[in-house]
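Undergrad: The structure's right below; bear with me while I get my questions together.
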Amino acid sequence: KTNIDTYPVTILSVDDRSWVGAQPIPVDPGLRQVTMQGPPTTVDVKETRTLALDVKPCTRYYIVAVKANPLDNDFTPRIDFEEPVAGCTPPPAK
């Protein structure tokens with residue numbers, strides 16, 4: 001189920017490393033800066049936001065834009081949900 005006030009985002013970069021394509025890319029666990037672009041509105045302006053995300057090992061994150069109004073350019077990024085990555089074994093704790 002999807003909340004009616006959420007919209008897809010386009011990931012532009014992780015820690016200033018450009019992201020090209022729609023496929024998920026693995027990143028090392030730890031605090032990451034995820035830069036994303038929100039959905040366009042009727043004026044075709046695409047806002048960008050950066051989200052500080054503490055990445056856990058072997059976890060996939062689904063990020064969405066939360067907007068108060070479908071016509072607003074302004075949005076707040078939010079983790080919609082997270083799931084374990086199949087077949088991934090986290091490294092032993094230090």
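The values are calculated or read from the model by the stated rules, or taken from the named source; none is laboratory data. As the structure is a computational prediction, the values presented were derived from the model and not from experiment. When we count neighbours, we look across all protein chains shown, and the Cβ atoms used for this are built from the backbone with ideal geometry, even at glycine. Keep in mind that these areas ignore ligands, DNA and RNA; they rest on the heavy atoms of the full protein, side chains included. Shrake-Rupley method; radii C 1.70, N 1.55, O 1.52, S 1.80 Å.
Undergrad: Name the single residue that is nearest to Thr76 (Cα to Cα) among those in the stretch 5-27 being charged (D, E, K, R) and modelled with pLDDT under 90.
TA: My answer is Asp5.
Undergrad: So, of the residues in the stretch 36-61 that are without any contact (Cβ under 8 Å) to a residue 40 or more places away in the chain and hydrophobic (A, V, I, L, M, F, W, C), which turns out to be nearest to Gln23 (Cα to Cα)?
TA: The qualifying residue nearest to Gln23 (Cα to Cα) is Cys58.
Undergrad: Looking only at the stretch 48-58, filter to residues that are of a type in the set (D, E, K, R) and part of a strand (DSSP E or B); which one of those is least open to solvent (accessible area, probe 1.4 Å)?
TA: The residue in question is Arg49.
Undergrad: So which of Thr89, Thr6, Thr42 ends up being under 13 Å from the mean Cα position of the chain (by Cα) and of a type outside the set (Phe, Trp, Tyr)?
TA: So the residue among Thr89, Thr6, Thr42 that is under 13 Å from the mean Cα position of the chain (by Cα) and of a type outside the set (Phe, Trp, Tyr) is Thr6.
For (1) open to solvent by less than 60 Å² (accessible area, probe 1.4 Å); (2) not β-branched (Val, Ile, Thr), each residue gets a yes or a no:
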| residue | (1), (2) |
| --- | --- |
| Asp16 | no, yes |
| Val20 | no, no |
| Asp28 | no, yes |
| Thr35 | yes, no |
| Lys46 | no, yes |
| Arg60 | no, yes |
| Phe75 | yes, yes |
| Arg78 | no, yes |
| Glu82 | no, yes |
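Undergrad: Within the stretch 86-94, is even one residue aliphatic (A, V, I, L, M) and within 29 Å of Ile4 (Cβ to Cβ)?
TA: no
Undergrad: Report yes if Pro77 is in contact with a Lys or Arg (Cβ under 6 Å, 6 or more places away or on another chain) and either in a loop (DSSP other than H, G, I, E, B) or not acidic (Asp, Glu) (or both), otherwise no.
TA: For Pro77, the condition - in contact with a Lys or Arg (Cβ under 6 Å, 6 or more places away or on another chain) and either in a loop (DSSP other than H, G, I, E, B) or not acidic (Asp, Glu) (or both) - is met.
Undergrad: Hey, another quick one. Of all residues in the stretch 20-45, how many are touching a Ser or Thr at 6+ places or on another chain (Cβ under 8 Å) and of a type outside the set (Val, Ile, Thr)?
TA: Total meeting the criteria: 4.
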